[in-house]
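One structure is given below, encoded as structure tokens.
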Amino acid sequence: MTIESTRCCDDVALWPDGSWATLGDISNGDYHWKSDDYEIISYLETERLTALGVYE
């Protein structure tokens, strides 16, 4: 679990449909049309992000 105060703009938001974005992109307003129903995954969890297809 990522505590809100330790979140980073490089952390990844993962929506239930499999789409994703960085928290930095979301805070810039780039994903204003998407729901706030996403899981936040630390950018340091590279194995998990690779398995999800976020990192190649």
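The values are calculated or read from the model by the stated rules, or taken from the named source; none is laboratory data. None of the values given here were measured: they were computed from a predicted structure. Because the Cβ atoms are built from the backbone with ideal geometry, glycine has one as well, and the counts that use them run over all protein chains shown. Accessible surface areas use protein heavy atoms only, side chains included; no ligands, DNA or RNA. Shrake-Rupley method; radii C 1.70, N 1.55, O 1.52, S 1.80 Å.
Here are some notes:
- So Glu47, is it part of a helix (DSSP H, G or I), over 11 Å from the mean Cα position of the chain (by Cα) and loosely packed, with under 15 Cβ neighbours inside 10 Å: yes
- Looking only at the range 11-27, and only at residues there that are more than 16 Å from Gly53 (Cα to Cα) and modelled with pLDDT of 95 or more, the one that is most open to solvent (accessible area, probe 1.4 Å): Asp25
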